[in-house]
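Report on one structure; see the data block that follows.
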Amino acid sequence: MTYSIKSAQKIFPGTKVADAVPATVAMFNRLSVDDQLAFLWYAYTELGRSITPAAPGKANLQLMEGLLNQIKQMSHAEQMQLMRDLANNADTPISRSYGYFSVNAKLGFWWQLGEWMKQGLVAPIPTGYQMSSEVAAVLEAVKQLDPGQQITVLRNTVVDMGFTPAVASQEQAEVINFTFPRTGPVSTTQLTIEGITEPTVLKYIAAMNADDVEATIALFADNGALQPPFQRPIVGREAIAAYLRDEGQGLIVKPKQGISEGIEDGYTQHKITGTVETPWFGNVGMNVAWRFLLDPQGKIFFVAIDLLASPKELLNLTRRENATQLR
Ligand code: ECH
């Protein structure tokens, strides 16, 4: 049997992912624009009480300084309109610029506006704003999630803002990339994952913790694919490299345990569970699984990164669906 990406996506079908995340984002998307902004304000400030995001760093913000200063100088009414345009995906010059930002640049942009909102330099939530019952319901849904899932909801709503033309024009594209300098090297010399000896998997983890994109993509097959949480697979080394340069940096990945199995024709599959920390929220460990399918040459044909439904899932290393119930 030869594998397709479609069939590879089905390995370890018993893995339970955090479906509550896309469900909550769908609830958010049904809110009116003003309610969306209010929700984000309350969710973000509420979250900030227990988990504070790291400042993105001056160098990163300098890349968008012109745009930020332009916004700072606007009247509160204009600032409010700008925020509505972003949330509405309206076609305006600023909304277009935002559309070309990297994911981390989008988060950094809002981080700065959030700081300025706290200081009163950017239009705050209007005094006397009455929270609608819809906003209250989405906030309640978010409270039920674990911190890793909460920050994923925030991230995903921010990423979808702004205007992205159907056909991207390269001249207009002014992609702003962020870099997250590591505070220190992640020690991987002692890396062991209970149940895993496969060198490709161990090298993948070490390369991720070193922000070594070249070393990571060298582990993939020519048409290999990487599927981030709640996204479609990214296919091919070049596309994966571009993705990792944007979103894979500064992560601390802490795999704990795994299972390896030969399948057929020399293919092997490996499931590893553990936690991942983003540089934005250093103290939040997101519970994840990596599901690898390696080809007979030991190259990565497919790897999915799943955000897990609950910490209990960290121990779910069975190959079949409902295997525990069958026992
Ligand atoms: C304010 C009100 C008005 C509207 C808005 C506001 C501001 C909101 C702000 C939100 C900031 C949110 C942030 C969220 C960050 C989330 C980061 C996450 C990262 C997850 C990464 C993972 C990585 C997994 C991977 C692994 C691999 O092996 C391969 C690569 C990869 C309040 C002003 C909007 C400021 C900062 C969830 C899981 C492990 C797939 C990347």
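The values are calculated or read from the model by the stated rules, or taken from the named source; none is laboratory data. All of these numbers come straight from a predicted model, not from anything done at the bench. Note that each Cβ is placed from the backbone with ideal geometry, even for glycine, and that neighbours are counted across all protein chains shown.
Here is how the numbers come out for the structure above:
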quantity	calculated
Residue check for residue 314: within 11 Å of the ligand (Cβ to nearest atom) and either assigned by TED's automatic domain parsing to the domain that holds residue 199 or free of Cβ contacts under 8 Å to residues at least 60 places away in the same chain (or both)	no
Every pair of residues 6+ apart whose Cβ atoms lie under 6 Å, when the first sits in segment 87-113 and is on the phi > 0 side of the Ramachandran plot while the second is of a type outside the set (Asp, Glu)	89/163
Qualifying residues in segment 34-85 (those that are more than 15 Å from residue 114 (Cβ to Cβ) and among the basic types (Lys, Arg)) - the one farthest from the ligand (Cβ to nearest atom)	58
Residue check for residue 165: over 24 Å from residue 288 (Cβ atoms), at pLDDT below 95, away from the ligand (no atom under 13 Å from the Cβ) and assigned to a loop (DSSP other than H, G, I, E, B)	yes
Counted residues, segment 104-154 - those being modelled with pLDDT of 95 or more, within 10 Å of the ligand (Cβ to nearest atom) and among the β-branched types (Val, Ile, Thr)	4
Subset of segment 168-223 [farther than 22 Å from residue 243 by Cβ and either at pLDDT 80 or above or within 16 Å of the ligand (Cβ to nearest atom) (or both)]	191, 192, 193, 194, 195, 196, 197, 198, 199
Residues of segment 276-291 that turn out to be of a type outside the set (Phe, Trp, Tyr), closer than 11 Å to residue 15 by Cβ and near the ligand (Cβ under 8 Å from one of its atoms), as a count	1
Scan of segment 116-148 for residues that are farther than 14 Å from residue 42 by Cα and without any contact (Cβ under 8 Å) to a residue 40 or more places away in the chain, ordered by number	119, 120, 128
Selection within segment 295-310 - away from the ligand (no atom under 15 Å from the Cβ) and either in contact with a Pro (Cβ under 7 Å, 6 or more places away or on another chain) or not polar (S, T, N, Q) (or both)	295, 296, 298, 299, 301
Matching option when the condition is of a type in the set (Ser, Thr, Tyr) and free of Cβ contacts under 8 Å to residues at least 40 places away in the same chain, among 7, 50	7
Test result for residue 285, outside the structural domain of residue 107 (by TED's automatic domain parsing) and either surrounded by fewer than 21 Cβ atoms within 10 Å (Cβ to Cβ) or closer than 20 Å to residue 231 by Cα (or both)	yes
In segment 243-260, residue surrounded by the fewest Cβ atoms within 10 Å (Cβ to Cβ) [restricted to those that are under 17 Å from residue 229 (Cα atoms) and among the β-branched types (Val, Ile, Thr)]	252
